[in-house]
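Below is one structure, written out as structure tokens, with a few remarks after it.
The values are calculated or read from the model by the stated rules, or taken from the named source; none is laboratory data. Treat the numbers as computed from the prediction; the structure is a model and nothing was measured. Positions of Cβ are generated from backbone atoms using ideal geometry, with glycine treated the same way; all protein chains shown enter the neighbour counts. Surface accessibility is based on the protein's heavy atoms, side chains included, excluding ligands, DNA and RNA. Shrake-Rupley method; radii C 1.70, N 1.55, O 1.52, S 1.80 Å.
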Amino acid sequence: MNLKTITQNFTQKFPGDFSGNMMQRQTPEVLFCSVEPAEFENTELIDFNETLSLEIGLGKLDNDQDFLAAQNLPENIRTYATAYAGHQFGNWAGQLGDGRAIYAGEILSSGKQTEIQWKGAGATPYSRHADGRAVLRSSIREYLMSEAMFHLGIPTTRALSISKTGEDVIRDIQYSGNPQKEQGAVVVRAAESFLRFGHFELLSARNQTDLLKQLADYTIENFYPEIKAENNDNKYTEWFQAVCDRTLKMIIDWYRVGFVHGVMNTDNMSILGLTIDYGPYSMMDGYDLEFTPNTTDLPVKRYAFGKQGQISHWNLATLANAIFPLINDADALEKILENYGGKFWVDHDKMLADKFGFDEVLPEDERFFTDWQQVMQDLNLDYTLFFQSLEKTSSEIKIEDFSGSFYRDLTESELKRLSNFIEKYHERKLKNKISEQGSLELMSKTNPKFTLRNYLLFEAIQDAENGDYKLFFKLKEALQNPYENRFPEFNKKRPSKYDDQTGCSQLSCSS
């Protein structure tokens, strides 16, 4: 890899603490601190994403395995961690920051910037009395899922590599008072930017308006080229609208494929509308609007599947409050937020229409979608497999086609209810203006055949912890073509033996 192309422009533009003081502390007046990654004696590279490396301008691997584990870094790489704040589970948490992430810097290739950071390479001043390490279990989850989301066509951070650190890390996966040793690991992550809502919240809370303006200008200039910055009195309002638009697209895509983030705190919300921080996430198995994969989110279920649109709106409102000093127009911000709610449902219904193979949304479809949701919820049908069963010529769809999506034996009345809905679907499809083949093509490109279910990850992690990576690499291959049924053995509902298995149905924030 051409490591000499990595620079730290961010540290040249904003105030930072270059003291090298690694004490975990508050860092007023600065946006970052210089840090030193931990030293690992027996690192082992598991996988390297060469396609991504070439794409962002880093090049082939060569003899750079040390870099991927944050070891023996060249002099041009001056590592740092950034400060941000946030609302966690609806409550103001104050300063947070990169507790497990350490930046290598940025790469500029073909006019596009990419930030590179390690996750799990040691403590920073923002680790809040934690060790800054990551375990193999959570690292595999992030590495595979971020790439799965990319290939599904969903805005996301990317994964460049995953390495074992050769050390044991102590974790209490369920916060039950039973900590255990786990294998340590480091993931290298890449994104156009890792800036979060929380970076702006921090500066606003500290009344650092000049620095807030500087960060907003930096964001607009580098990541929102569609906004004219010069002599534009409305640029910050236009920028907030663009952040809302990108966030909306991301959330609608989450609903399309059945992704549940699990911890939508404002510090986990990308200012670029990227899916970021893969912790206690899950692809949905049985349809349930109240499903949350995060044990920390119980019993309130603030971040449940069906609430993700509402929470994104709430988070955007906190961002609006943070950048208000730049805009000073409450009516303009309130109008954008109000429009977000209306546009969300328009885009949501259009997404559902695509999944059903409808060429447009008709007035009566609101009732149709509501009835569908209730059938799915009451019968707990598998979300992904249900739509696959619909991908047949309408006249050929029968109730037997859906048996593979049942998580329990349905009663006669439930089967009748499902049969009635299928008949309604047949009738609705007759109103399409596109051909049946056109409808099926629309469904095929909208509904994935492969989703990276938690039970598959659980099995791959178990094998990997025993030194067997065959399933890891097979899943990596499968996720690269999610709209093709190339791996039918993965295209099935969660086995019943995993219904109550930690790591398959629910996870903690440490995941």
Item to check | Matching residues, region 431-464, being out of contact with any helix residue (DSSP H, G or I) (no Cβ under 7 Å at 6 or more places or on another chain) and without any contact (Cβ under 8 Å) to a residue 24 or more places away in the chain | outcome: S435, Q437, E441, Q462
Checklist entry - Does region 335-356 include one or more residues that are assigned to a loop (DSSP other than H, G, I, E, B) and farther than 29 Å from G97 by Cβ? => result no
Next on the checklist: Out of everything in region 400-414 that is not charged (D, E, K, R) and not in a helix (DSSP H, G or I), what residue ends up being most open to solvent (accessible area, probe 1.4 Å)?
Outcome noted: T411
Next on the checklist: Tell me whether region 293-306 contains one or more residues that are within 20 Å of G90 (Cβ to Cβ), of a type in the set (A, V, I, L, M, F, W, C) and touching an Asp or Glu at 6+ places or on another chain (Cβ under 9 Å).
Outcome noted: yes
Next on the checklist: With the structure loaded, tell me whether D359 is farther than 19 Å from H87 by Cβ, open to solvent by 10 Å² or more (accessible area, probe 1.4 Å), touching a residue at least 40 places away in the same chain (Cβ under 8 Å) and among the charged types (D, E, K, R) or whether it fails that test.
Outcome noted: yes
Checklist entry - Across region 312-338, what is the total count of residues that are open to solvent by 10 Å² or more (accessible area, probe 1.4 Å) and closer than 30 Å to M284 by Cβ? => result 7
Next on the checklist: Restricting to region 377-395, name every residue that is of a type in the set (D, E, K, R) and under 12 Å from G258 (Cβ atoms).
Outcome noted: D382
Checklist outcome for this item: Residue pairs within 7 Å by beta carbon, gap of at least six or interchain, first lying in region 217-235 and open to solvent by less than 90 Å² (accessible area, probe 1.4 Å), second modelled with pLDDT of 95 or more and aromatic (F, W, Y), listed first then second, are I220/W239; Y224/W239; I227/W239
Checklist entry - Can you name every residue in region 115-127 that is under 20 Å from S270 (Cβ atoms) and open to solvent by less than 10 Å² (accessible area, probe 1.4 Å)? => result E115, I116, Q117, W118, G120, T124, Y126
Item to check | Lone qualifier among G342, G309 - being within 30 Å of N234 (Cα to Cα) and in contact with a helix residue (DSSP H, G or I) (Cβ under 7 Å, 6 or more places away or on another chain) | outcome: G309
Next on the checklist: Of everything in region 433-482, what is among the small types (G, A, S), over 17 Å from T384 (Cα atoms) and out of contact with any strand residue (DSSP E or B) (no Cβ under 9 Å at 6 or more places or on another chain)? Give them in sequence order.
Outcome noted: S435, G438, S439, A460, G467
Checklist outcome for this item: In the set L274, L326, L248, the lone residue that is more than 17 Å from the chain's Cα centre (by Cα) and of a type in the set (A, V, I, L, M) is L326
Item to check | Inter-residue pairs, beta-carbon under 6 Å, first farther than 11 Å from I422 by Cβ and in region 387-398, second basic (K, R) and surrounded by 14 or more Cβ atoms within 10 Å (Cβ to Cβ), 6+ apart | outcome: F387/K355
Item to check | helices (runs of 4 or more DSSP H) (entirely within region 415-511) containing at least 1 residues that are open to solvent by 50 Å² or more (accessible area, probe 1.4 Å) and more than 30 Å from I173 (Cβ to Cβ) | outcome: 436-446
Checklist outcome for this item: Within region 128-177, of all residues that are among the charged types (D, E, K, R) and farther than 14 Å from A38 by Cα, the one most open to solvent (accessible area, probe 1.4 Å) is R128
Checklist entry - How many of the residues making up region 36-54 are within 18 Å of G120 (Cβ to Cβ) and not in a loop (DSSP other than H, G, I, E, B)? => result 5
Checklist outcome for this item: Over region 95-132, the set of residues part of a loop (DSSP other than H, G, I, E, B), on the phi < 0 side of the Ramachandran plot and touching a helix residue (DSSP H, G or I) at 6+ places or on another chain (Cβ under 7 Å) is L96
Next on the checklist: Condition first: surrounded by fewer than 24 Cβ atoms within 10 Å (Cβ to Cβ) and β-branched (V, I, T). Now tell me which residues in region 276-292 satisfy that.
Outcome noted: I276
Item to check | Members of region 241-266 found to be open to solvent by less than 10 Å² (accessible area, probe 1.4 Å) and assigned to a helix (DSSP H, G or I), listed by number | outcome: V243, C244, T247, L248, M250, I251, W254, V257, T266
Checklist entry - Within region 95-108, can you find the residues that are touching a Leu at 6+ places or on another chain (Cβ under 8 Å) and either open to solvent by 30 Å² or more (accessible area, probe 1.4 Å) or not hydrophobic (A, V, I, L, M, F, W, C) (or both)? => result Q95
Item to check | Positions within region 73-94 being small (G, A, S) and either assigned to a strand (DSSP E or B) or open to solvent by 50 Å² or more (accessible area, probe 1.4 Å) (or both), in sequence order | outcome: A81, A85, G86, A93, G94
Next on the checklist: Just to be sure I understand, how many residues within region 362-399 are at negative phi and open to solvent by 30 Å² or more (accessible area, probe 1.4 Å)?
Outcome noted: 19
Next on the checklist: Condition (residue is in contact with a strand residue (DSSP E or B) (Cβ under 9 Å, 6 or more places away or on another chain) and buried (at least 19 other Cβ atoms within 10 Å of the Cβ)) applied to region 205-214: is it met by at least one residue?
Outcome noted: no
Checklist outcome for this item: Counted residues in region 55-72 being open to solvent by 40 Å² or more (accessible area, probe 1.4 Å) and not in a loop (DSSP other than H, G, I, E, B) come to 3
